[in-house]
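Worksheet: the structure to be examined is printed underneath.
Read-outs throughout are calculated quantities, based only on the coordinates presented, and are distinct from any laboratory measurement. All values reported here derive from a predicted model rather than from experimental measurement. Positions of Cβ are backbone-derived with ideal geometry, glycine not excepted, and every protein chain shown enters the neighbour counts.
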Amino acid sequence: MPSVQSPSVTDTGPLDALTPLQRRTLEALRRSAEPVVFDAELVAEIEHDIVAAFEEFAGRLGDETLFVSKHALTSALGCEVQHLHPDPFAWSPALASGQVAHRAIQLIVHWRGEPVPADVVDDAMARLSDDDSTLGDWIAGLAPADEADLRGLAVERVTKFGECFPPLDKRATPMTEARVQWPLEGPILLSGKVDLVLGRPVGNESRKVIIDLKTGRPAHRHREDLRFYALVETLRTGVPPRKLASFYLDVGQPVIEDVTPAVLRTAVRRTLDGVNALIELTIEQRMPVKRPGPTCRWCPLNRTCQEGLAYLAGGDGEIDP
């Protein structure tokens, strides 16, 4: 069977028109000649295990509905004290720049003609400011200096995306900010929003690639986040994705993992462990456990938590943006 190009084939010209970095991205995401098809019994086993566990969990929830996201899982499986502490979150240019950049990339992927990053970022900010959300209200009320700061940070991210990714072929059905959920209804709902999805299943053949766009350095939780998305996709469509990629825009390199039965089973175990922890902590009121780690850097308790201070003083080098 001849090799088939990846979903990220350019639609604007020959491959020699791409930069070396764009060609490297294309090659990393390319489909192999051998189709990826998962055993139907594996998919049935995964769904059976999740459904059986959810039925048991439902009896402990009462009338509550539990919404489970990648963030909720990572938080509950990390430091439980931090998980339960009130979030003092407030928007800033640094925090909001990722949301603005993602909206701008969503526009760029479907843009006709040659997009200018600064112009697309302006459009993205205007659209977000009209949203009925805390981010929309914050953008609408920005002072000129903060608005310029936000625009500059977002333009940087969008420009780096264009440097890393070739123009995406419409046949790849690229989707940005793609929402996924399973099941349709019930006391426990798994949900998420994927930065970039390329490809779609053909019959039972896995062709989908799930991509998270990152800045900073790799962290273990980034891989776990993508595995969670792979599990939700498997439950939702019955066909697992073929690849997962955390793409680090600052260095122009992806960390790629092929989806395997072991990857999916690991995601099942972690998700069920996380759901159990969420129920214990929020419904059953179990005493939380302190687990120092990279998130101590921005924990609101890091000035008074002795375990966190000791961890930070240890000089661990991992950065988890």
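A compact table of results
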{"item": "Residue list for the stretch 40-63, filter: acidic (Asp, Glu) and within 26 Å of the chain's Cα centre (by Cα)", "result": "Glu45, Glu47, Asp49"}
{"item": "Exclusive hit being surrounded by 19 or more Cβ atoms within 10 Å (Cβ to Cβ), touching a residue at least 24 places away in the same chain (Cβ under 8 Å), among the hydrophobic types (A, V, I, L, M, F, W, C) and under 19 Å from Val155 (Cα atoms), set Ala118, Ala96, Ala76", "result": "Ala96"}
{"item": "Counted residues, the stretch 204-252 - those being in contact with a helix residue (DSSP H, G or I) (Cβ under 8 Å, 6 or more places away or on another chain) and hydroxyl-bearing (Ser, Thr, Tyr)", "result": "4"}
{"item": "Test: residue in the stretch 289-307 that is closer than 30 Å to Ala44 by Cα and polar (S, T, N, Q)", "result": "no"}
{"item": "Asp131 being part of a helix (DSSP H, G or I), charged (D, E, K, R) and surrounded by fewer than 17 Cβ atoms within 10 Å (Cβ to Cβ)", "result": "no"}
{"item": "Selection count where residues are in contact with a helix residue (DSSP H, G or I) (Cβ under 8 Å, 6 or more places away or on another chain) and not in a loop (DSSP other than H, G, I, E, B), scope the stretch 87-105", "result": "11"}
